[in-house]
Every structure is written in C-alpha cells, then in structure tokens.
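Undergrad: The structure is given below, and queries will be raised subsequently.
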C-alpha cells in the first residue's frame, strides 16, 4: 500500500503542475507531513567496501537500509572531500561554490590570481541546504567534518546550521589527542562556533552520533521537522578503530589486494551492477603485485586493511544507533535518509601531506604491528587497498576516473517504498540532492539570499526515481569535472577523461562507461564525433563555472604520492 507521505507528496506535486493558482493547496498538503531529513556521509569510503555494493565488510545497517530503499549504481561526486561537500550542500559545481582547490594544499601560483572559484572555502554566491530549510520551518543540525572554511563567517553555524559539533579541517586522529594530518595542519572541534575539547573517551564516529542524537532530542518539543547532516570522518586516514572491532577482521585480508579486487568485482557482477565480461582493470602503476611483497610488508598491510574494515564496521553500527533512536522516538517512518561517500578510497600516503616529507612528524607515531590502529599510530591503506576498495574501477580518490568519482549512494524515503531493495542505474550527481530535497519539502530555491545574488542550481530533482513515477531520468544531461588538472565530462553512457602524464596519457580519452566501467578501452578513434562533442561540452562547462587553465600549477602535486607504494 502506498505510504501516506508518498501519497501526499505526489498529490501535492500533481496539484502544482495543474495550476500555479493552487500553490496554497500544495503547501497545505506538504505541511501535513513534512519529512525529517538525515544525510549521512562517509569519508573516503570506496565503491565496493560496503556489503550492499559487493563488499566483504560487515555492514548490516546499510544492508537493511538498501533493502528498504534504493541503491544507486551510477552516483557521482567530486574527486576529493571538500569539493564534494560544497556540491552536496549547494547543488552547484565546486568551483562556483569557491572550492576549486583544497584549502590545506599549497598552490602559490594559482592562489596569487585570487580567483573566486579557487578560494578553498564556501563562498556567499551559493546558498546551502540548511540556509534554505531553516527559513522553511526546519531545525538544522550538523555533526562531524565540515572542511568548507574556518574563521569568522565560514563556520557551519554561520551557514544555516542552528546546532553544530564539528571538526573544521579535513581529518586527523579519531581519538581525543587531536593529532593532525601533518604539522602544518590542526584539529579544532567546535560546538556552535565555540572551540571545545574532546572528552577522554572520544572516538569520532561515536561522538558525532551522540551529539546529533542530543540535538534532535532538544528539538522534539516544538514538533518542527529536522534536517541533519551527519558527516563522519571515518574512514579517512589515519586509520583508527576500537580494539574489539579490529579483532573481528584478524586474518580476513591476508589474501592481499589483488584477490580482494577480483572478489569485489565478481560480487558486483553477481549483483548485475557491472558487465559480466569485465575481467580486469587497467594496470595501476602505483600498485605492486601482492606476491612481490615481503612477509613483513604483507603483515603490515593486512593489519591496515583490518583496521580500515573495523572503522567501516563501527561506522555502520553508529548509523544503526541513530536509526534505532529515530524508531524509538516515532520519527523513522517520516524521515528521508540519504547515505553516500564523498569520494573514492584514499590511495595517498601520509608522507605526502604537506609538512610530512622529511618524516620528522611521522616518526613521532608508534606504528609497530600490534599498535597499528590504536591511539598514537598513523597508518593508511595505500594505493593497493584503495584500488581494491574501488573495484572494478580505475584509480581512486583525487582522480576523475571512475574510482575517484563514482561512489555508493542509498536513499530511503519515509514510509514503505514501492521499489524497496531495487537498484537504479540512472546517472545521478551529487548536485542533484539539493533540488530533490527542495521538491520533497516544498521549498523554493532563492535567486537572492541575504542581499546576495545566488547562482542557479545545476542539479535536477530525482524525486521521480524515489516515488516510483519513473525508472530513469531524461537523457542528455551532462556533468563536468576539474581538479588538480584532472578533467572529465559525462553525458549518458559516454565519458571523456583527461589525466595529466604520468598519471594518464595527458590527452582526452573516450569511454563507454556502461560497457566499460573500468575505462580500459579508449574509443577515441572509433567515435571521434562523440569525443569532440563532449570536449566542446567540457569547454562550455569550464567557461560557465569559471574554471582556470592551470598551465602546470599542479605539476608535482599527487605525482609523488604513489611513487613508492611499498614503503611502510
């Protein structure tokens, strides 16, 4: 039976489409049952890490969510953390939002140009989901990673969230010791814009979940709906997890990353998500064969993946806590839940963060085998496990290849969904989330906000996919990417990709990502007209979004990151 919320939304939208004179009726219908909204973001989680997407890590909460909702097999984000978060919260390209670069990286030549799209923080030319919903009767809460600017006017407390407990920067220790990613960075936690010290028992996923539940509890009295943004720092390096969770995975990854990559690919094939004739990804020059490693290297890397899996497992459990809370409070049946990852698995090494090159800071950590993953350690998965986590795709985080930008997303609408447990293969972009939320909540997107002209949205609502009125989106909508000189443009099943040498050919390549999601066969010579059309589309995208021709500003960036993958 169609749930009451879906019926009311559908009825309201139908009324709206008949006549603008019926807007008041639509608003009255929507006001009957405006949904709560919970967006949950995992940090650096690979496409095939979670069980619903072919992973062998225990994620029963996400498995249950996928059974009750829809899983999207072609969901795209930006290549790294803050650009994705900027697009998610604003429905705009990351350059339009001011995050064409990462604030913690050093680009002197580019930064000297003072370009609006390359400020490294969220600008005032875009409006955020909480800014819109707060003016439409919603409580707005955030816990976890912000990474979109620090200082006066840039805190999430300044961008529409009424209650916050956040880490302003990109990552660091998951414990209370506040050990940053490098000596050039810092870790400050703030509550409603005021710096606070984490408790001695602090562990990131637990603390973010606890704080969000406390915010929701405080807002229950007035019966207003809530918008909650739960932005975990797991599974960003350094990898940490409670001992009992690490113990669950002892020996589970001794087979190595080559075998794990194949296992994940075969699992996705059995789910019908990727072609069955796919056999291998392009050779990754940064990843040695597992058999070539020494026994000590294998032991260290296997332990690191055990910690990574434990972190994912704990994140899943934490999600289960808030879902149970919503059920106990009678809120679950009227809550829209969106789960996604912000970019591909992280294949970089700790030594490559600015400030870590001389090894001084990293030498202060205890990375003995038995201490890896505990407080005082600093470990990461490296390129080998990141490639396996991104199976069956090419590369991982930072790249505009599929492994960097194609990630899992699961959406559960309020009530029971008619398409519960199904997959949807439509191309969906992170900028589509904001317009979808606007349509579901009956909120309008402003042309101006607080006296500032606002960029129009580039995304489109996917509500027809969620309420069952359509199984696919209209074709022809294209999306572009640019970060660190890595470029891409996708329209329907066609994709052009340009990765600078030596990471790629340095030239535009053409792929059919429906038949060849691992981007192993360049079709440039076979379909030159399609390639040229997409190149022109990317040029228009670049012009529209103020993308700068960097002309080698990133020549050394990320090229040394994976040059010595077995140093551990």
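Let's see how each residue does on (1) over 26 Å from the mean Cα position of the chain (by Cα); (2) assigned by TED's automatic domain parsing to the domain that holds residue 62; (3) modelled with pLDDT of 95 or more:
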| position | (1), (2), (3) |
| --- | --- |
| 270 | no, yes, yes |
| 280 | no, yes, no |
| 283 | no, yes, no |
| 313 | no, yes, yes |
| 320 | no, yes, yes |
| 328 | yes, yes, yes |
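Undergrad: Take residue 241 and decide whether it is in the same structural domain as residue 316 (by TED's automatic domain parsing) and surrounded by fewer than 19 Cβ atoms within 10 Å (Cβ to Cβ).
TA: In short, no.
Undergrad: So, one more: Would you pick out the residues in the range 51-72 that are farther than 18 Å from residue 39 by Cα and not in a helix (DSSP H, G or I)?
TA: 54, 55, 56, 57, 58
Undergrad: What are the pairs, 6+ residues apart or on separate chains, where a residue within the range 42-67 that is assigned by TED's automatic domain parsing to the domain that holds residue 229 and without any contact (Cβ under 8 Å) to a residue 40 or more places away in the chain has its Cβ under 8 Å from a residue that is crowded, with 24+ Cβ neighbours inside 10 Å and part of a helix (DSSP H, G or I)?
TA: 51/62
Undergrad: Taking the range 96-110 as the search range and keeping residues that are surrounded by fewer than 23 Cβ atoms within 10 Å (Cβ to Cβ) and part of a loop (DSSP other than H, G, I, E, B), which one is modelled with the highest pLDDT?
TA: The residue in question is 102.
Undergrad: Then there is this: Pick from 417, 413: which is farther than 16 Å from residue 346 by Cβ, surrounded by 23 or more Cβ atoms within 10 Å (Cβ to Cβ) and in the same structural domain as residue 80 (by TED's automatic domain parsing)?
TA: 413
Undergrad: Which count do you get for residues in the range 192-216 that are surrounded by fewer than 12 Cβ atoms within 10 Å (Cβ to Cβ) and either touching a residue at least 60 places away in the same chain (Cβ under 8 Å) or in a strand (DSSP E or B) (or both)?
TA: The number of residues fulfilling the criteria is 3.
Undergrad: Within the range 208-227, count every residue that is modelled with pLDDT of 95 or more and over 23 Å from residue 46 (Cα atoms).
TA: 10
Undergrad: Let me ask something else about it. Would you mind stating whether residue 226 is crowded, with 20+ Cβ neighbours inside 10 Å and touching a strand residue (DSSP E or B) at 6+ places or on another chain (Cβ under 9 Å)?
TA: Here the answer is yes, as residue 226 does meet what is asked.
Undergrad: If you don't mind, there's one more thing I want to ask. So in the range 349-384, with the set limited to residues that are within 30 Å of residue 38 (Cα to Cα) and under 22 Å from the mean Cα position of the chain (by Cα), which one is surrounded by the most Cβ atoms within 10 Å (Cβ to Cβ)?
TA: Per the criteria, the residue is 381.
Undergrad: Going by the conditions given, is residue 333 assigned by TED's automatic domain parsing to the domain that holds residue 512, surrounded by fewer than 20 Cβ atoms within 10 Å (Cβ to Cβ), farther than 22 Å from residue 286 by Cβ and over 18 Å from the mean Cα position of the chain (by Cα)?
TA: yes
Undergrad: For the range 511-525, enumerate the residues that are over 25 Å from the mean Cα position of the chain (by Cα) and either surrounded by fewer than 16 Cβ atoms within 10 Å (Cβ to Cβ) or closer than 18 Å to residue 536 by Cβ (or both).
TA: Within the range 511-525, 521, 523, 524, 525 qualify.
Undergrad: Let me confirm something: among 103, 82, which residue is in contact with a strand residue (DSSP E or B) (Cβ under 8 Å, 6 or more places away or on another chain) and either assigned by TED's automatic domain parsing to the domain that holds residue 355 or in contact (Cβ under 8 Å) with a residue 40 or more places away in the chain (or both)?
TA: Result: 82 is the single residue among 103, 82 that is in contact with a strand residue (DSSP E or B) (Cβ under 8 Å, 6 or more places away or on another chain) and either assigned by TED's automatic domain parsing to the domain that holds residue 355 or in contact (Cβ under 8 Å) with a residue 40 or more places away in the chain (or both).
Undergrad: Since residue 392 meets every condition but one in (1) in a helix (DSSP H, G or I); (2) more than 23 Å from residue 169 (Cβ to Cβ); (3) under 25 Å from the mean Cα position of the chain (by Cα), which condition does it not meet?
TA: (1)
Undergrad: Same structure, new question: With (1) in contact with a helix residue (DSSP H, G or I) (Cβ under 7 Å, 6 or more places away or on another chain); (2) at pLDDT below 95 as the list, and residue 549 as the residue in question, which single condition is left unmet?
TA: All conditions pass for residue 549, except number (1).
Undergrad: So residue 400 fits all but one of (1) in contact with a helix residue (DSSP H, G or I) (Cβ under 8 Å, 6 or more places away or on another chain); (2) assigned to a loop (DSSP other than H, G, I, E, B); (3) under 26 Å from residue 103 (Cα atoms); what number is the exception?
TA: Every condition holds for residue 400 apart from (1).
Undergrad: Assigned to a loop (DSSP other than H, G, I, E, B), farther than 18 Å from residue 55 by Cα and touching a helix residue (DSSP H, G or I) at 6+ places or on another chain (Cβ under 6 Å): does that describe residue 235?
TA: Answer is no for this residue.
The values are calculated or read from the model by the stated rules, or taken from the named source; none is laboratory data. All of these numbers come straight from a predicted model, not from anything done at the bench. With ideal geometry, Cβ positions are generated from the backbone for all residues, glycine too; neighbour counts draw on all protein chains shown.
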